[in-house]
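Below is one structure, written out as structure tokens; the observations come after it.
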Amino acid sequence: MVPAWLVAAAVGAVVITLHQAHDRLLRGLTHHSASQWAEYVSRNVPDIDLLFDGEPPSVLAQEHFSGLRRAGDIVRFDIFSSDGRLRLRSESLSGLDAHEIGSTDGLAAAVAASGMARSGMLQRVGAGTPGPRGFAYVPVRLSGQIAGVARVEVDHKVVAALVRRAFATVALSIGALMSLLFLAAWVARRRHRRQQVMVDERVRFLAHHDPLTGACNRASFQDALTGACSRLGADSRGALAVLCIDLDHFKEVNDRHGHAAGDAVLRQVTQRLSSLVRSGDIVARLGGDEFAILQTGVTRPDDVEALASRVTNALAEPYDVSGYRLGGGASVGAAVHGVDGFAAETLMNRADAALYAAKAKGRNAYAFFDPALDGKRERQRRLTQDLRTALEQGGLSMDFQPVFDVDGQTMLGYEALARWRHPVLGLISPVEFVPLAEANGLIVPLGNWALGEACQAAAGWPCGLSVAVNFSAAQFRHGEAMLTHLRDVLHRTGLAPERLEIEITESVLMVDTDNALMCLNGMHDLGVRVALDDFGTGFSSLAYLWRFPFDKVKIDRSFTHLLGADEKVSLIVKSIVSLAHELRIRVNAEGIETQQQMAMLAAYGCDELQGFLLGRPGAVDLPGLAGRRMTTAATAARANFTPLDSQAVSL
Ligand code: C2E
Ligand code: MG
Ligand code: MG
């Protein structure tokens, strides 16, 4: 903005400049008129030379001067001889007053001496004085010589009026221009202020909200929760609840469809959550794919359960992202004020613990905090830390469980099963540590280690024996890298690809089917076989059978255990075997613990048998493997094994 003093100074400068220009103009005009008048006089007034010589004006000269008294804008004149003495005055053409005769004008004498005209403006004396007048002393030349000087007064009334009008127009224009400038500056300043206000508002908004989704951020959520908890105090119960929400498989969306798709899903999640809550409730994005709701006005636990259920249902719906329908699903953990704690931090921690419990239920589920969860979470946290150390320091080992042909005699190979002996807690089951590795980014190092260990061992076995390695769904997220690693391991260990079998569960195909199929085909291309593990335990095992040409299905041991106890299980197993055979897929039956189970499975047409009855997981015990520790597991199993033909199998 231009400061006011500068504007005033500019206006003052303009006024002074105009005034000076006005003055210069009038003086120029005076000089011009006077010069012309003198020129005229020198040429046309008779006896002018005599007048300059000191003679009184002749009658002819008087007549001529009388006609010049009102010539154009000339209103007065005096005639001086070259020594500056007054000779004639327009008011007394017939003769000068006594006191005027011989009076000398210094300026006239100077002009006559220098030949340079002088001009100036007469000051107005009073209101009665006519308009602006200029005067000029101009030399009068006769035959080229300065014979005298004429002092002429010029009336500029008309010109001054014109100039005044012109000045007024200019002043008005300048005024209008300045006003416009002021207006423009004012508008610009207002706009700048408005923008500043908007920027301030945005900065304030961003301090409390997530820029991507517009939901509250973690800091403002915690502030709101802390405020609400302290207002409720330690007496009131259940008036508010915290729901922690985590999207299922969001990482796959990001990895497979890019971050723009991930962002679009997060925005849609925010919209859905916002549409489910009541005014006063707060929806926040805590970071990544974690959201939270502060539910207020809770009167009974059912209110919290109803919201948790609405959230899981709403987020289970697929998301439309650039023409794709991406799968939904979320897990929700809830903690209620006064029931699960009074402090904001406690409620957050407990809702988070409940969230883990919901995830453990198999995702797309909700759970409330249970005091037992605290201990479980602490154990999980410690185990994760220790597992990381174990992976770095070679603290894991590999057991191998033998797989037999249906004759129960011919060994086909081994399944590699990871083992972790914790230095304090003892043996930890893979059922516990594999999901921990999956959830905490350790599955790739674990899977790579297991593959290397299994292939290395199998490369030293007789050529007829193969090795089966379990792969987790999480390993398929980085499919290309996984295939490259697989190729490298086969190359490094020298194991023939057809001796390696990868076991997957249907969860691999559930998450991102296209990517999974690409990986499985890549494995086939390498010459590696693929088996579908734990068949029959998933939601839709059959649905996945036709999607990929599996080499083998492994009937889960939950079926094996019920054989003989439940007639329907027998029917299911027989159907699985018959269907798999139709599709040219081999069938392995896991978890065989009794002779009866083995006999029944053999009778139903299973191709391979595996279970404690035949051999427990342990070290490989093959005669002729120099330097290897010998155990009795496999041999003992075989020693206890009674060949099929000696068993009575009733179907
Ligand atoms: P799985 O692949 O289905 O492995 C078979 C599981 O059944 C093994 O449990 C094995 O010890 C057990 N088993 C075998 N025969 C019998 C039997 O007759 N009776 C009973 N009750 N159990 C039997 P384990 O070793 O505890 O492994 C559990 C699961 O952990 C495995 O199931 C597999 O899904 C996973 N796992 C093990 N090692 C690895 C690994 O290196 N990577 C991955 N991703 N998962 C692994
Ligand atoms: Mg397996
Ligand atoms: Mg299995």
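The values are calculated or read from the model by the stated rules, or taken from the named source; none is laboratory data. What you see is a predicted model, and the numbers here were worked out from it, not measured in a lab. Don't worry about glycine lacking a Cβ; one is built from the backbone with ideal geometry, like all the others, and counts go over all protein chains shown. Quick note on the areas: whole protein, heavy atoms, side chains included, nothing else; ligands and nucleic acids left out. Shrake-Rupley method; radii C 1.70, N 1.55, O 1.52, S 1.80 Å.
Compute the normalised compactness of the chain: alpha-carbon radius of gyration over 2.2 N^0.38 Å, N being the residue count.
Taking the Cα Rg and dividing by 2.2 N^0.38 Å, one obtains 2.14.
Which far-off residues, 5 or more places away or on another chain, put their amide H under 5 Å from the one on Ser466, with H placed in the peptide plane?
Sorted by chain and number, the residues that satisfy this are Gly413, Tyr414.
What's the ranking of 187-195, 115-123 by average number of surrounding C-beta atoms within 10 Å, highest first?
So the peptides 187-195, 115-123, ranked by packing, come out 115-123, 187-195.
Compare Cys455, Cys216 by solvent-accessible area with a 1.4 Å probe and give them largest first, with all protein chains kept in place. Show your work: numbers first, answer last.
Values: Cys455 0, Cys216 30 Å².
Highest to lowest solvent-accessible surface, that is Cys216, Cys455.
For Lys554, give me every one of the aspartates and glutamates with a C-alpha distance below 13 angstrom, ignoring sequence neighbours fewer than eight places off in its own chain.
Answer for Lys554, where 13 Å is the Cα cut-off: Glu415, Glu501, Glu503, Glu506, Asp533, Asp534, Glu590, Asp607, Glu608, listed by chain and number.
Using unit Cβ charges (K, R positive; D, E negative) and no other charged atoms, how large, in debye to the nearest 20, is the dipole of the chain about its Cα centre?
Numbers: 65 positive and 71 negative charges, 488 e Å.
Here the chain has a charge dipole of around 2340 debye.
What is the set of long-range amide H partners of Val140 at a cut-off below 5 Å, with H atoms built 1.01 Å from backbone N?
Close amide H contacts, sequence-distant or interchain: Ala147, Gly148, Val149, Ala150.
Rounded to the nearest percent, how much of the accessible area of the chain (1.4 Å probe, protein heavy atoms only) is carbon and sulfur?
Ligands and nucleic acids excluded, carbon and sulfur reach 55 percent.
State in Å² the accessible area per residue of region 380-641; use a 1.4 Å probe, count heavy atoms of protein chains only, and round to the nearest integer.
So region 380-641 comes to 44 Å² accessible per residue, rounded to a whole number.
Apply the Karplus curve 6.51 cos²θ - 1.76 cosθ + 1.60, θ = phi - 60°, to the phi angles in region 425-440 and return the couplings in whole Hz, x for Gly and Pro.
Each residue's phi maps through the Karplus curve to give 8, x, 5, 9, 6, x, 4, 8, 7, 5, x, 5, 5, 5, 7, 10 Hz.
Solvent-accessible area per residue for region 213-361 at a 1.4 Å probe radius, Å²? Mind dumping the intermediate values first?
Values: 6390 Å² over 149 residues.
Per-residue value: 43 Å².
So which lysines pass the test for Lys376, namely a Cα distance under 23 Å, with those fewer than 8 places away in the same chain ruled out?
Excluding near neighbours in sequence, the set is Lys359, Lys361.
Excluding ligands, DNA and RNA, what is the solvent-accessible area per residue of region 77-180 at a probe of 1.4 Å, expressed in Å²?
Normalised by residue count, the accessible surface of region 77-180 is 51 Å².
Could you point to the residue in Gln271, Ser94, Leu436 farthest towards the positive end of the chain's charge dipole, with +1 and -1 charges on the Cβ of Lys/Arg and Asp/Glu respectively?
Ser94
Would you calculate a helix-derived [θ] at 222 nm for the chain, using -39,500 (n - 2.57) for each DSSP H run of n ≥ 4 and dividing by the full residue count, to the nearest 500?
When only DSSP H runs of four or more count, the value is -16000 deg cm²/dmol.
For region 506-583, with only Lys/Arg (+1) and Asp/Glu (-1) charged at the beta-carbon, what is the dipole magnitude about the Cα centre, in debye rounded to 20? Walk me through the numbers before you get to the answer.
Details: 7 positive and 11 negative charges, 44 e Å.
In total the dipole reaches around 220 debye.
Can you put Asp525, Asp47 in order of accessible area, largest first, using a 1.4 Å probe?
Asp525, Asp47
Going Cα to Cα from Lys552, which lysines come in below 24 Å? Please leave out same-chain ones fewer than 8 positions away.
Straight-distance partners of Lys552: Lys568, Lys574.
Could you tell me which of Pro318, Gly297, Ala219 has its Cα farthest along the dipole of region 218-369 towards the positive end, charges placed at Cβ (Lys, Arg +1; Asp, Glu -1), taken about the Cα centre?
It is Pro318, whose Cα lies furthest towards the positive end.
Rounded to whole Hz and in sequence order, give me ³J(HN,Hα) for region 300-311 from the Karplus expression 6.51 cos²θ - 1.76 cosθ + 1.60, θ = phi - 60°, writing x for Gly and Pro.
So the J values, rounded to whole Hz, are 9, x, 4, 4, 5, 4, 5, 5, 4, 5, 4, 5.
To the nearest 20 Debye, how big is the dipole of region 218-369 about its Cα centre, given +1 on the beta carbon of each Lys and Arg and -1 on that of each Asp and Glu?
140
³J(HN,Hα) across region 493-500 via Karplus (A = 6.51, B = -1.76, C = 1.60, θ = phi - 60°), whole Hz, x for Gly/Pro?
Once rounded to whole Hz, the list reads 8, x, 6, 5, x, 5, 8, 10.
Which one of His31, Leu60, Ser42 is farthest out on the positive end of the charge dipole of region 1-71, using unit charges on Cβ (Lys, Arg +1; Asp, Glu -1) and the Cα centre as origin?
Farthest towards the positive end: His31.
Of the peptides 174-185, 350-361, how do they stack up when ordered by the mean number of other Cβ atoms within 10 Å, highest first?
Ranked from most to least packed, the peptides come out as 350-361, 174-185.
Would you grab the residues whose amide H sits under 5 Å from the one on Arg87? Only those 5+ places off in sequence or on another chain, please, with H modelled 1.01 Å from N.
Amide H neighbours of Arg87: Ile79, Phe80, Ser81.
Per residue Cα convex hull volume for region 162-265, in cubic angstrom?
Details: hull volume 18.2 nm³, N = 104.
Value for region 162-265: 175 Å³ per residue.
Which order do peptides 474-486, 297-309 fall in by mean Cβ count within 10 Å, highest first? Don't skip to the end; give the middle numbers.
Values: 474-486: 18.4, 297-309: 15.4.
Per-residue mean Cβ counts within 10 Å order the peptides as 474-486, 297-309.
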